[in-house]
Structures are given as structure tokens and as C-alpha cells.
1. Scan the stretch 179-219 for residues that are acidic (D, E) and surrounded by 18 or more Cβ atoms within 10 Å (Cβ to Cβ) and jot them down.
2. Might you check whether a residue that is under 18 Å from M189 (Cα atoms), in a helix (DSSP H, G or I) and at pLDDT 75 or above occurs anywhere in the stretch 66-87?
3. In this structure, does F166 turn out to be part of a helix (DSSP H, G or I) and within 14 Å of the chain's Cα centre (by Cα)?
4. Given the structure, is T113 surrounded by fewer than 19 Cβ atoms within 10 Å (Cβ to Cβ), under 22 Å from the mean Cα position of the chain (by Cα) and under 26 Å from C201 (Cα atoms)?
5. Considering only residues that are assigned to a helix (DSSP H, G or I) and of a type in the set (D, E, K, R), look in the stretch 176-217 and name the one that is nearest to H133 (Cα to Cα).
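The values are calculated or read from the model by the stated rules, or taken from the named source; none is laboratory data. All values reported here derive from a predicted model rather than from experimental measurement. Heads up, the Cβs are rebuilt from the backbone with ideal geometry, glycines too, and the neighbour counts pull from every protein chain shown.
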Amino acid sequence: MKNGKNRRENLLVNVGFNIIIPAIVMMMFDDWFGISPALALILALMFPLGYGGFALFKDRKGNFFSIVGFFSVLITGGIGLLQLPREWVATKEASVPVIFFMFVIISSFGRRTFLEKLLFDENILNSGVVYAHLQTSDQRAKFHKIMLRASIILALSFLLSAVLNFWLAETVVCSESGTLEFTKELGRMVALSYPVIVLPCTLVLCYMLHYIVKKLECLTGLSADEILHLK
């Protein structure tokens, strides 16, 4: 249990290094630092790369947010450096959550869904206690059905994210790629992604977790505190 607690990270620090600081660098590189768009991209990449490297060295485990943050900034910035059409930004922003959507759906056909592995392997839910209360084959079948329905909710949250990502990119990024304004707009888009994209998707995920806990309470007779490692 101690190791599981040690793996838990400070969410504010995680978001700061992987999202907030790279966004500020891309928005303010000209006004604050007086550097070129290419150097701003490299500097922005250093923060998720450095944070992910530190997490790998400390915990011997890759940091998912750092990996996604690094490649997201790299691909989006690469569109500007290669002076590709700005429409590619919206396509790229929408394609990432669509890939996650497909991954969740495909994983649902396995013996254990991706969601089940995520919630139990990362100690979000108390796997030992929950599994111990699934005594019969009927209970296990009902449990699998709960996780399948919750996986659909998770997949739909990624579809919602794809739509919001596309809309935000089309609304914010208006300048031609390779320009100073384009790089600043990329930073503004990243900064706005949290209130515009993350908040509604977080609400969907909170509903999903609430659904799972309530269904498991009825199925196992456990309390929410026992299911959520709070007791």
C-alpha cells in the first residue's frame, strides 16, 4: 500500500509542467523572452520531457501526462515549424481523443476492460475488497456489465473531448502557420483547453465513477468508503 501511495502525484505540479508552463512559453515567448518560435517550441517541450524523465527516474515508471503532453506540443509545434496548413491543428487536436475512444471500445472486448485495469491497478478502487465480494458467477457477470457500461461513458467523454478540441482549435488558431501570431495562438489554445475541454469531460468522468460506486454498493453490499479505499 505504501508504494501505491508513493506513486500518487501532485496534480497541480503535473498540470503545471505538462500544460500551463508550455502554454505560457508559447504565448509569451516574443514579449517576455524575445526568442524565435522554433526556440519557444524547444523550450516548451523541455518541461513535459523533464518532468516525465524525473518521474521515470524516481518511480521507474513513465508519466502518462508527460508523454501525451510532450508529443502533443511536438506535433502541434511541428505544424507551425513545417508551415503546414493551420487546419491541421484542429484535425490533430480532434484525432488524439478519437484514438483514445477507439482504444477504450476495442479494449472492452477483452477479459478485463481498460477501465477496470485503470481503476483497480492504480488503486483508485479497492480491488481486493471488491473482488472478494464477487462470490458467484452471476455477480461476476453483473460486475463485467457494470464495467462495460462505464467504459461506454468513458468512451463518450473522449468523443466529447474530440468535438470540443476541434471547435477550440478552429476558433482560436486563425493565423497562418509559421508566424509569431500562430505560435501565440497555440499557447492560448492549450491554456483554454482546461476550462473549455477538461471541465466538462471531468464532469462526465465524475458521473462515471459515481455510477460505478453506486452499482458496486448494490452488487457487493460494500459502502462507498470501502470501495474507494477510504475506510
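1. Across the stretch 179-219, the qualifying residue is only E185.
2. For the stretch 66-87, residues under 18 Å from M189 (Cα atoms), in a helix (DSSP H, G or I) and at pLDDT 75 or above: present.
3. no
4. Criteria not met by T113.
5. E217
Conditions tested, residue by residue: (1) modelled with pLDDT of 80 or more; (2) in a helix (DSSP H, G or I); (3) of a type in the set (D, E); (4) not assigned by TED's automatic domain parsing to the domain that holds L203.
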{"position": "G50", "(1), (2), (3), (4)": "no, yes, no, yes"}
{"position": "R111", "(1), (2), (3), (4)": "no, no, no, no"}
{"position": "E116", "(1), (2), (3), (4)": "no, yes, yes, no"}
{"position": "L119", "(1), (2), (3), (4)": "no, yes, no, no"}
{"position": "L159", "(1), (2), (3), (4)": "yes, yes, no, no"}
